[in-house]
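The values are calculated or read from the model by the stated rules, or taken from the named source; none is laboratory data. From a predicted model like this one, the values you see are computed outputs, not experimental measurements. Heads up, the Cβs are rebuilt from the backbone with ideal geometry, glycines too, and the neighbour counts pull from every protein chain shown.
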Amino acid sequence: MTVSNVGDESQLFDGGAQKLFDKEGREFSADTEAAIYLDESKSFLNEINPGNTVKGIVVFDIPKEVTPVKLQLHDSIFSSGVTVNLNRS
């Protein structure tokens, strides 16, 4: 995932605040413990200054038969977030 801060103040990116949804509307939380073991994760409490962009991996532990259809991205666990539809070709 690539995250850009388009605002005018520093923001914290926390992979654990992100949500994944399947076609039945079930919500899956990010697996922050698994992400800690990935050197390239960079998704645990990463501060992003205005105009900067970071790339990282957010891990979700979902059953093999689950089809993810959208992500809900948050700048914190308290934000309303933004929904991103996942195109499945």
Checklist entry - Filtering segment 69-89 down to residues that are modelled with pLDDT under 80 and charged (D, E, K, R), which residue is surrounded by the fewest Cβ atoms within 10 Å (Cβ to Cβ)? => result Arg88
Item to check | One residue from Glu47, Glu24 being among the acidic types (Asp, Glu) and not in a strand (DSSP E or B) | outcome: Glu24
Item to check | Matching residues, segment 7-21, being assigned to a strand (DSSP E or B) and either under 16 Å from Lys64 (Cα atoms) or touching a helix residue (DSSP H, G or I) at 6+ places or on another chain (Cβ under 9 Å) (or both) | outcome: Leu20, Phe21
Checklist entry - Out of all the residues in segment 65-85, which are touching a strand residue (DSSP E or B) at 6+ places or on another chain (Cβ under 8 Å), without any contact (Cβ under 8 Å) to a residue 60 or more places away in the chain, of a type in the set (Ser, Thr, Tyr) and more than 11 Å from Asp22 (Cα to Cα)? => result Thr83
